[in-house]
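Participant: Pasting a structure below so you can have a look.
The values are calculated or read from the model by the stated rules, or taken from the named source; none is laboratory data. As the structure is a computational prediction, the values presented were derived from the model and not from experiment. Reconstructed Cβ throughout: ideal geometry from the backbone, glycine too, with neighbour counts over all protein chains shown.
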């Protein structure tokens, strides 16, 4: 049996696909699993033992179709469900003598529209993982309840010497990076949080976040280490793996933290965990409010949340209350509750 799984982007969404591959392989050990994604995201799954072959999209869809045609897949699970994946599915379905069975993830666009436009939440209280798993229902695959996977190649694991000695006994990860400004906590909030929590902190983000990290670090250059832009994705994941607590508004590293069963304090601005993106630890932790390793911080009193312009770089209301009204004391209490837990 040969299976193609399609998910083009991004970091968090791709990590959320990992239970599907694992459970297929557990049920059908001889199945060949192929994964189609954008070339720049291939590293996320490069060490995943449940994937037999990658197909990496750069730009040419026709070229990708010609690459996929000879494989003669038995099943295609489309976890992206957009124009590009629909084109590929259509071409493969039309291939001569093609008996491929295709299922696509339900993106719940109607329910999302009701929630963002009318603030009427009819979304199921389930993770996107459950919707991904549903695409393989014909294979009668049961969820093993083991949560997400993230595999770090041996050569990409962090050398303890690369981190300050001041952080060798334990640290908190503050993920200050993010794709959109309307999903990011303002730098002033991060500075206030660093001031409120007396514990070694590692700031994590990309090259674009390095300057902000330096600004935050000025508060206490010994206790606060700015790793932004210094490490690869796998190395950053390894830093996450050993953090006592991960505080993040970025869902990419949040899902990696969930894969390592870290304690997570997730902060939500203009979007909402109700869309199914909350930290996922396994099948029995569907509700975000009961996940034992997760505390969600959000302002539910705002009538403009979730924002209907999620992809914008500036608050359309020009007040950014979804982040500006988040209480630092609430985040501090959440972090300290995890620090008090025994490992």
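Participant: Of the residues 73, 66, 54, which is over 22 Å from residue 107 (Cα atoms), surrounded by 19 or more Cβ atoms within 10 Å (Cβ to Cβ) and either outside the structural domain of residue 250 (by TED's automatic domain parsing) or touching a helix residue (DSSP H, G or I) at 6+ places or on another chain (Cβ under 7 Å) (or both)?
Facilitator: Numbers: 66 fails: surrounded by 19 or more Cβ atoms within 10 Å (Cβ to Cβ); 54 fails: surrounded by 19 or more Cβ atoms within 10 Å (Cβ to Cβ).
On inspection, the qualifying residue turns out to be 73.
Participant: Pick out the one residue from 182, 271, 248 that is buried (at least 23 other Cβ atoms within 10 Å of the Cβ), in contact (Cβ under 8 Å) with a residue 12 or more places away in the chain, within 28 Å of residue 315 (Cα to Cα) and in the same structural domain as residue 305 (by TED's automatic domain parsing).
Facilitator: None of the other options fit; the residue is 248.
Participant: Name the residue, out of 105, 100, 129, that is farther than 23 Å from residue 209 by Cβ and either free of Cβ contacts under 8 Å to residues at least 12 places away in the same chain or more than 25 Å from the chain's Cα centre (by Cα) (or both).
Facilitator: 100
Participant: When you scan the stretch 68-77, do you find a residue that is without any contact (Cβ under 8 Å) to a residue 40 or more places away in the chain and over 28 Å from residue 148 (Cα atoms), even just one?
Facilitator: Yes, the stretch 68-77 contains a residue that is without any contact (Cβ under 8 Å) to a residue 40 or more places away in the chain and over 28 Å from residue 148 (Cα atoms).
Participant: Just to be sure, is residue 122 at pLDDT 95 or above and surrounded by 15 or more Cβ atoms within 10 Å (Cβ to Cβ)?
Facilitator: Here the answer is no, as residue 122 does not meet what is asked.
Participant: Does residue 11 satisfy the condition of being in contact with a helix residue (DSSP H, G or I) (Cβ under 6 Å, 6 or more places away or on another chain) and either within 26 Å of residue 306 (Cβ to Cβ) or assigned by TED's automatic domain parsing to the domain that holds residue 233 (or both)?
Facilitator: yes
Participant: Considering each residue of the stretch 93-110, count those that are part of a helix (DSSP H, G or I) and touching a helix residue (DSSP H, G or I) at 6+ places or on another chain (Cβ under 6 Å), and give that number. Write out each step before concluding.
Facilitator: Step one: list which residues in the stretch 93-110 are part of a helix (DSSP H, G or I), which gives 93-94, 109-110.
In the following step, the residues that additionally are touching a helix residue (DSSP H, G or I) at 6+ places or on another chain (Cβ under 6 Å) were identified as none.
Adding up the residues that qualify gives 0.
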